[in-house]
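We did not get these values from a lab; they are worked out from the coordinates using the rules stated. What you see is a predicted model; the values in this text were computed from it and never measured. Quick reminder, even Gly has a Cβ in these numbers, built from the backbone with ideal geometry, and neighbours come from all protein chains shown.
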Number of protein chains: 2
Amino acid sequence: MTALMNRSATAPKETKAHRAILRVLEEDHAPLAETELRSRLLQRGVRVNKTTIYRQLAGLKERGAVKEVDFGDGKKRFESNDGEHHHHLVCTKCKSVDEVQLPGELVRLEKAISKNKKFKILDHALEFFGLCVNCK
Amino acid sequence: MTALMNRSATAPKETKAHRAILRVLEEDHAPLAETELRSRLLQRGVRVNKTTIYRQLAGLKERGAVKEVDFGDGKKRFESNDGEHHHHLVCTKCKSVDEVQLPGELVRLEKAISKNKKFKILDHALEFFGLCVNCK
DNA sequence: CATCATAATGCAACTCAGTTGCAATGTCAA
DNA sequence: TTGACATTGCAACTGAGTTGCATTATGATG
């Protein structure tokens, strides 16, 4: 392609870090923090500086390839943004993470809220915390 | 009393910091971060060390007087835990915070999830981000 | 293939929220 | 009033995340 694909951001370069990070996030389909991501990369023999990781993640997020997720533990987590929109079931004991779909539920809620409160909702954060099958 | 009352939770002592912090949280009914809380206290002429604030908040939370809220900006926020269970409408522009009640909605959702996924939900985090009436 | 602008990387130093150890102070029951 | 012990303040620390800058790598162009 030529000049199109303008995008406010420059075309990302094909680097080792870029490829490896995307691959890890696509395979391990869970929200990963920087340290987790870094050790996953190391396991694959790819050593990447944490600054690079944060910068890559910022870029990937901007381009919509990745979504930021917050588990309320003060760490930024990122997950691949391929599948459907979903939420997480975070086991507070073993830290495992499962996914749930809430088809239409939140959309309905948000519409109702927008009407009543006249607040334009652009995003939401919804995560569930508790005990998974193995831990309860 | 003597040796009993072993507890994990001692009766909180009536201190200046304790009183002042509770009062600020009760009056300014919004989730406040440590720095915000601290300056609110200063405005009332109460100078409290940040360590003390964090420790008081931890205690208040343990006793259920206060709830921790996460807006995903890497800061712990706490709000008074009197009123009804509610969620927040956070304006990403002017940072104002409004409240919404979602009567029964989440309870229903959580029950359905528990059944399908066999995950025991103990807590959830749900906040909405967008533009308030003035900013949109 | 060689060149070169510029994007990506690594490193060190930094910021900022939150925590910890410890000595000093305050609270409150006896 | 006393004394046990909870609370406070301070300084030093931790850990996540960011920034400036010099170095390296990418990929478009000739």
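With the charge dipole of the protein assembly as shown set up from +1 on Lys and Arg Cβ and -1 on Asp and Glu Cβ about the Cα centre, the Cα lying farthest toward the positive end among the listed residues B:H29, B:I53, B:H85 is that of B:I53.
With bins 10 Å wide beginning at 0, the percent of Cα pairs of the range A:84-136 falling in each bin runs 22, 39, 26, 13, 1. Remark: relative contact order (the range B:13-82) = 37 percent; criterion is Cα-Cα distance under 8 angstrom and separation of 6 or more residues. For the range A:87-96, putting each phi into the Karplus relation 6.51 cos²θ - 1.76 cosθ + 1.60 with θ = phi - 60° gives couplings of 10, 10, 10, 9, 7, 6, 9, 9, 6, 5 Hz, in residue order, rounded to whole numbers and with x for Gly and Pro.
Note on the range A:84-136: with charges restricted to the Cβ of Lys and Arg (+1) and Asp and Glu (-1), its dipole about the Cα centre is near 360 debye.
Cross-link partners for A:K76 among the aspartates and glutamates, with Cα-Cα distance under 16 Å and sequence neighbours closer than 8 places in the same chain left out: A:E34, A:E36, A:E62, A:E68, A:E127, B:D70, B:D73.
Just tell me, in residue order, which DSSP H segments of chain B are both 15 angstrom or longer along the helix axis (alpha-carbon based) and at least -1.0 in mean Kyte-Doolittle hydropathy.
B:16-27, B:50-62, B:105-117
Quick one: of the DSSP bridges fully inside chain B, what percent are antiparallel, nearest 5? Kindly include the intermediate steps, with their values, before the conclusion.
On the way: 10 of 14 bridges.
Bridges in chain B are about 70 percent antiparallel.
By the compact-protein rule of thumb, 2.2 N^0.38 Å, the alpha-carbon radius of gyration of chain A corresponds to a ratio of 1.23.
Set the bar at 30 Å for Cα to Cα. Now go through B:K13/B:K67; A:K95/A:K115; B:K61/B:K136 and name every pair that lies beyond it.
Details: B:K13/B:K67 20 Å; A:K95/A:K115 37 Å; B:K61/B:K136 35 Å.
The answer is A:K95/A:K115; B:K61/B:K136.
On average, how many beta carbons from a partner chain sit within 10 Å of the beta carbon of a residue in B:111-123? Walk me through the intermediate numbers first.
Working: counts 0, 3, 7, 3, 0, 1, 7, 7, 14, 9, 5, 6, 7.
Going residue by residue through B:111-123 and averaging, the value is 5.
Restricting the calculation to Cα atoms, the range A:13-83 yields a radius of gyration followed by a Dmax of 11.0, 33 Å.
Return the percentage of antiparallel bridges among DSSP beta bridges fully within the protein assembly as shown, rounded to the nearest 5 %. Intermediate results must be reported in sequence, preceding the final value.
Numbers: 31 of 39 bridges.
Of the beta bridges lying entirely in the protein assembly as shown, close to 80 percent run antiparallel.
Note on the protein assembly as shown: the alpha carbon radius of gyration divided by the globular reference 2.2 N^0.38 Å gives 1.17.
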